[in-house]
Ligand code: TNX
């Protein structure tokens with residue numbers, strides 16, 4: 001039955017006889033401690049076409065939210081949803097579970113027929129992984145706050161709980177830092193943007209659009225987004241890139257770089273030579289930035305980037321070489337490791353955890369660091385072997401900036417090929433990893449790098465339906481995996497996306 005084409009697939013679901021009819025009297029009932037999620041239910045069900053009054057238990061026809069501490073579900077995000085002819089009851093051990101029960105109900109109602117009847121059903125559901133996420137790059141192309149919020153709501157609709165917000169990069173610094181206003185005054189704007197792909201043979205052949213591009217989020221706007229995400233049980237992991245991908249910051253404050261030259265915010269894509277130096281003043285700068293970031297984001301994890309750091313400037317800088325000798329550091333790889341360790345210690349002392357891209361493994365991993373494995377699965381395997389927590393984000397399965405269909409039929413993308421079935425087939429626990437290390441894999445996430453996604457509509461086109469497949473990878477039981485069944489449910493599910501005004505890549509017939 002179409003209404004039960006839920007994505008991600010619930011752990012257990014059994015159809016029961018009878019049906020529940022919504023009427024003008026059907027009330028939403030908040031059990032003790034569930035007031036906030038019930039208020040959100042009112043909002044989200046209204047969006048699905050049902051304006052339910054908040055009422056009392058005992059009224060005729062009701063949707064009840066109830067916290068039951070001893071429900072015995074395998075984890076705190078699980079829920080039970082029972083529809084009987086008399087009532088709809090959502091129960092969970094914690095509020096997060098009630099929220100996911102609500103998302104299941106919301107999905108049913110988003111495609112239920114106009115008469116608002118739902119067949120009776122028993123659902124017991126809980127996630128497989130605790131890190132279920134998506135990363136959005138707002139640097140290569142700035143995305144308005146309203147879209148960021150819509151995207152977070154769509155994550156939540158798919159029971160994803162982590163939004164990794166890539167806020168700084170060579171082409172733009174997108175977060176207001178009060179202590180360093182030039183980061184956004186200068187660093188949030190570039191004078192133009194590359195058209196098409198960079199030339200492989202001669203950068204002088206690159207063509208540019210001549211149109212200034214910019215944008216950033218004020219701290220007030222960020223607070224608003226964080227609060228919106230909190231209500232939807234989405235943790236926002238902010239990313240501040242260091243020591244590479246930092247052209248925009250160095251353009252704002254050249255003293256952070258190695259050459260002393262005034263450089264410009266990058267206008268093309270790729271890997272840039274300008275990286276942070278290792279002066280004490282630069283560490284202080286970064287720590288002051290992170291202090292403001294931690295004020296804004298309650299996330300237990302703070303992402304410090306760490307990827308794609310060309311070491312040429314460090315090799316050529318007499319100052320850096322002198323610092324290396326003073327510190328007894330022999331290689332530039334080790335110097336990046338020293339850099340990362342200091343950030344790890346800094347964040348740890350403030351009660352947070354550091355996470356970085358898998359390059360932070362090179363030259364020795366900081367003790368408390370978690371690793372985001374993007375260059376395939378190898379980094380994740382090595383980190384988990386060494387007893388570090390890992391988030392799987394392999395480009396081979398989770399890069400939604402890669403093509404999803406034959407390139408000649410798709411809008412220009414960065415390259416690669418990760419069709420829907422490939423995403424769906426992903427197994428976050430690598431086969432090579434010994435079973436006793438599997439618990440180090442926190443989960444997985446999808447990546448949306450936006451070099452070739454200039455607009456929110458284009459981001460949606462790349463994200464959907466592949467993000468639906470990813471949600472099933474991280475939420476559903478692996479023994480339930482069935483691509484044909486998934487595709488059938490997806491055919492119903494896209495009607496929900498349409499209802500919510502989401503652009504998506506057409507499904508193959
Ligand atoms: C590599 S993935 C990058 C990004 C690019 C992406 C394009 C990673 C940690 N670094 O800077 O946008 O490839 O696919």
Quiz item: Is it fair to say residue 409 is within 12 Å of the ligand (Cβ to nearest atom) and assigned by TED's automatic domain parsing to the domain that holds residue 198?
Solution: no
Practice problem: Quick one: which residue in 460, 436, 432 is in a helix (DSSP H, G or I), farther than 23 Å from residue 237 by Cβ, in the same structural domain as residue 390 (by TED's automatic domain parsing) and more than 16 Å from the ligand (Cβ to nearest atom)? | Solution: 436
Practice problem: Answer with yes or no whether residue 9 is under 24 Å from residue 488 (Cα atoms) and in contact with a helix residue (DSSP H, G or I) (Cβ under 6 Å, 6 or more places away or on another chain). | Solution: yes
Quiz item: What number goes with the only condition from (1) surrounded by 17 or more Cβ atoms within 10 Å (Cβ to Cβ); (2) over 24 Å from residue 132 (Cβ atoms); (3) in contact (Cβ under 8 Å) with a residue 40 or more places away in the chain that residue 17 does not pass?
Solution: (1)
Exercise. Name the residue, out of 201, 218, 184, that is surrounded by fewer than 24 Cβ atoms within 10 Å (Cβ to Cβ), farther than 30 Å from residue 468 by Cβ and modelled with pLDDT under 95.
Key: 201
Exercise. State whether one or more residues within the stretch 34-50 are part of a loop (DSSP other than H, G, I, E, B) and modelled with pLDDT of 95 or more.
Key: yes
Practice problem: Could you please give the count of residues in the stretch 439-457 that are more than 16 Å from the ligand (Cβ to nearest atom) and surrounded by fewer than 22 Cβ atoms within 10 Å (Cβ to Cβ)? | Solution: 5
Self-check item: Residue satisfying condition, being in contact (Cβ under 8 Å) with a residue 12 or more places away in the chain and over 25 Å from the mean Cα position of the chain (by Cα), within set 342, 409
Solution: 342
Quiz item: Does residue 334 satisfy the criteria of being more than 20 Å from residue 299 (Cα to Cα), away from the ligand (no atom under 16 Å from the Cβ) and either outside the structural domain of residue 293 (by TED's automatic domain parsing) or in contact with a helix residue (DSSP H, G or I) (Cβ under 9 Å, 6 or more places away or on another chain) (or both)?
Solution: yes
Quiz item: Any idea which residue in the stretch 343-370 is nearest to residue 291 (Cα to Cα), counting only those that are touching a helix residue (DSSP H, G or I) at 6+ places or on another chain (Cβ under 6 Å) and in a helix (DSSP H, G or I)?
Solution: 346
Quiz item: Picking from 378, 386, which residue would you name as being out of contact with any strand residue (DSSP E or B) (no Cβ under 7 Å at 6 or more places or on another chain), more than 19 Å from residue 506 (Cβ to Cβ), more than 16 Å from the ligand (Cβ to nearest atom) and without any contact (Cβ under 8 Å) to a residue 24 or more places away in the chain?
Solution: 386
Quiz item: Which of (1) assigned to a helix (DSSP H, G or I); (2) over 27 Å from the mean Cα position of the chain (by Cα) does residue 264 not meet, given it meets every other one?
Solution: (1)
Quiz item: Restricting the search to the stretch 89-129, which residues are part of a loop (DSSP other than H, G, I, E, B) and in contact with a strand residue (DSSP E or B) (Cβ under 6 Å, 6 or more places away or on another chain)?
Solution: 129
Quiz item: When you go through 228, 180 one by one, which is the residue that is outside any helix (DSSP H, G or I), over 22 Å from residue 324 (Cβ atoms) and in contact with a helix residue (DSSP H, G or I) (Cβ under 8 Å, 6 or more places away or on another chain)?
Solution: 180
Exercise. Go through (1) under 26 Å from residue 310 (Cβ atoms); (2) out of contact with any strand residue (DSSP E or B) (no Cβ under 9 Å at 6 or more places or on another chain); (3) within 16 Å of the ligand (Cβ to nearest atom) one by one and return the number of the condition residue 364 breaks.
Key: (3)
Quiz item: Between residues in the stretch 281-301 that are in contact (Cβ under 8 Å) with a residue 12 or more places away in the chain and assigned by TED's automatic domain parsing to the domain that holds residue 178 and residues that are surrounded by fewer than 19 Cβ atoms within 10 Å (Cβ to Cβ) and not in a helix (DSSP H, G or I), which pairs lie under 6 Å by C-beta distance while being six or more apart or on different chains?
Solution: 288/179; 299/235; 300/353; 301/353
Quiz item: Has the stretch 67-88 got any residue that is touching a helix residue (DSSP H, G or I) at 6+ places or on another chain (Cβ under 6 Å), crowded, with 21+ Cβ neighbours inside 10 Å and assigned to a strand (DSSP E or B)?
Solution: yes
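The values are calculated or read from the model by the stated rules, or taken from the named source; none is laboratory data. None of the values given here were measured: they were computed from a predicted structure. Positions of Cβ are backbone-derived with ideal geometry, glycine not excepted, and every protein chain shown enters the neighbour counts.
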